[in-house]
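This report concerns only the one structure given below.
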Amino acid sequence: MSTPHSSSTTSGPHRASSPPGPQIPQSLTLAPTAASSASPSPSSSSASGMRDAAGDDSDSPPSQMSEDDPGGGWEPDLRAGNGRWAPPDQVLENVLESVLEFLTAARDRNAASLVCRSWYRAEAQTRRELFIGNCYAVSPRRAVERFGGLRAVVLKGKPRFADFSLVPYGWGAYVSPWVAALGPAYPRLERICLKRMTVSDDDLALVANSFPLFRELSLVYCDGFSTLGLAVIAERCRHLRVLDLMEDYVEDEDDELVDWISKFPESNTSLESLVFDCVSVPFNFEALEALVARSPALRRLRVNHHVSVEQLRRLMARAPQLTHFGTGAFRSEAAPGGGLSVAELATSFAASKSLTCLSGFRDVNPEYLPAIYPACAKLTSLNFSFASLTAEELKPVIRNCINLRTFWVLDTVGDEGLQAVAGTCSDLRELRVFPLDASEDSEGSVSDVGLHAISEGCPKLESILYFCQQMTNEAVIAMSKKCPDLVVFRLCIMGRRRPDRITGDPMDEGFGAIVKNCKKLTRLSVSGLLTDKAFAYIGNHGKLIKTLSVAFAGNSDMSLQYVFEGCTKLQKLEVRDSPFTDKGLLSGLNYFYNMRFLWMNSCKLTMRGCKDVAQQMQNLVVEVIKDHTDDEGEDDIVDKLYLYRSLAGPRNDAPPFVTLL
């Protein structure tokens, strides 16, 4: 069957002829028509722009034109068989929409939307989830005009380096215009996920009032709201299933606290996930305990550090069905000698038969760690990234975690602790080792020794984030050979331009081995003493890399040129504290349209070079960011450059310290 097309070169559709029985419409035959042989589709630049503006999840609409000629005749309605007359293209679009309902992968939907105008329109009408990777890459109005039946929206705001305080406060990423546009357009919207967005209490109130069927709200690395906004969500979203607050900054003064937990419905709730371990202010524990008791579907609960082990045990008794549990502080608030015993707490963990993911431990008392032993064998995920544990405190725990697949930990466990992980967790897929002290001159507790041990003991590893102060090429090469299934490799050597700690050589061969031997690699972070040779390896072998982060690395602009020319799938490039100049920036002119964004800070860029990019790339937004509005540095020196594609053009909410070129 030929691909259906919506435009026609004739004056009108065919009319049914006189012989008995319905005539088969020409658009349903195998013979191609003039329209089908040259079907118009959205222009490549516009389509590509909208698709990537929506985080590889959409593309721009074609020019407006009528696809139904009002002066033409009608064909039989083949769907109903009742003699009604309908345009043949409409029949095909209805069939196509029914088929596209089963297409869920964003990549497949993107491809379908580019076939022709009919497919473009049908895909837009059947899409239920929209992902926007940059809130400034497309306007809210354009998004709601294209997609008519969304049930879920995922929206990202600030650049990722905002997590490291490299994006000044007040930069933007306000969710207000998006919420205002989504409300009237999608009354049946059920889920919103926001990441690195500025969200006010008024925004949360508008969400609660606009979507009567609202079920899920996830806020990740967001700021601007308080417990007042959370109270509105809890009180008015009567069908709420998920309220996840992760790594957010909740702005509350002690005299402005609202008892938001008690605002949930007093009847049985449909709550399945409640995560608020980042909310640092106190809350009503009795209200939480009652909420947990009347939420039989609750599977995930993560509480903040105001919860003691005594309260923890009460929560576990109310919800033995939990699969994901965040423990809060994991210490006792009772007087010495009068607190909960380890055996009593261990009984509670033994009764939690469904527990697979454990986190929290924000102010841990190591004496209580043996209480989790009964649950360790079933754990697939363990997060100790807030617990300053030593190797001696970690080893008895980790030896019981034989089925662990995800492990996050602070570097205080040292190489010895990582060796214990390697000796037990042979099925480990993801490891993150965070620094207790992230300063450049800190004394790191893990090194190449721990990395080498992990590569030997965890051959199924797929993702690793590893902060350290010293490393060797030998250890990185060993990981590339022992863990060939790595998809994410993020090695962060915190000291500036640190070489191989044994040989003193650059780390070129280590990172070169990673891109050569790990054929599935899509995300790479490099640091340490690296020359152009390392970036030549990345360009030649990193053909699947989508995200590349560079810190304190490179020795000339050729490094950037190798990356731009070789990494054909590159979407996000982040560079900090590296010696790249305008020449390196301009070497990417032919590749920026294929990328979602470029971030560079503390390099050697000038305003002139940034203006050259802006003049030659009219569909890109070029932002030059100063740390403060009163910076008195040289006007021609660029502190931070943020470059991204946008169908909406330059934004209108830029603060004074942002210059839009």
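Some observations on this one:
- Applying the Karplus relation 6.51 cos²θ - 1.76 cosθ + 1.60 with θ = phi - 60° to the stretch 423-435 yields 3J(HN,Hα) values of x, 10, 9, 6, 9, 4, 10, 9, 10, 10, 10, 9, x Hz, where x marks Gly and Pro.
- The distance linking the stretch 180-233 with the stretch 553-584 is 38 Å (Cα centroid to Cα centroid, whole angstrom).
- Whole-percent carbon and sulfur share, accessible surface of the stretch 432-510, 1.4 Å: 48 percent
- Spacing of the two label points (7 Å from each Cα toward its C-beta) at GLU145 and SER354, in nm: 4.7 nm
- Heavy-atom accessible surface of the stretch 511-661: percent carbon and sulfur, 1.4 Å: 46 percent
- Judged by the mean number of other Cβ atoms found within 10 Å, the most tightly packed of the peptides 141-148, 504-511 leads the ranking 504-511, 141-148.
- Computing Rg and the Kirkwood Rh from the Cα coordinates of the stretch 130-283 gives a ratio, Rg/Rh, of 0.95.
- Calculated over the stretch 300-377: convex hull of Cα atoms, volume per residue (Å³): 76 Å³
- Each pair of Cα atoms in the stretch 366-437 enters the Kirkwood radius, and Stokes-Einstein at 10 °C and 1.306 mPa s then converts it into a translational diffusion coefficient of 133 µm²/s.
- Here the Karplus relation 6.51 cos²θ - 1.76 cosθ + 1.60, evaluated at θ = phi - 60°, turns the backbone of the stretch 141-155 into coupling constants of 4, 5, 5, 6, 5, 7, 9, x, x, 5, 10, 8, 9, 10, 9 Hz, with x for every Gly and Pro.
- Percent of Cα pairs exceeding the 22 Å cut-off, where the set is the stretch 424-508: 22 percent
- Annotation for the stretch 297-375 versus the stretch 259-290: alpha-carbon center distance of 17 Å.
- For the stretch 570-583, Karplus couplings with θ = phi - 60° (6.51, -1.76, 1.60), whole Hz, Gly/Pro x: 5, 10, 9, 10, 10, 10, 9, 6, 10, x, 7, 10, 4, 4
- 11 Å reach of a label modelled at PHE131, 7 Å along Cα-to-Cβ, counting backbone N of the stretch 144-173: 154-155
- The residues of the stretch 453-548 have, on average, 36 Å² of accessible surface per residue, using a 1.4 Å probe with all protein chains present.
- Note on the stretch 346-476: Cα-only Rg and Dmax are 14.3, 47 Å.
The values are calculated or read from the model by the stated rules, or taken from the named source; none is laboratory data. These figures come from a predicted structure and were not determined experimentally. A quick note on method: Cβ atoms are made from the backbone with ideal geometry, for glycine too, and the neighbour counts reach across all protein chains shown. For the accessible areas, the whole protein counts, side chains as well, though only heavy atoms, and no ligand, DNA or RNA atoms are used. Shrake-Rupley method; radii C 1.70, N 1.55, O 1.52, S 1.80 Å.
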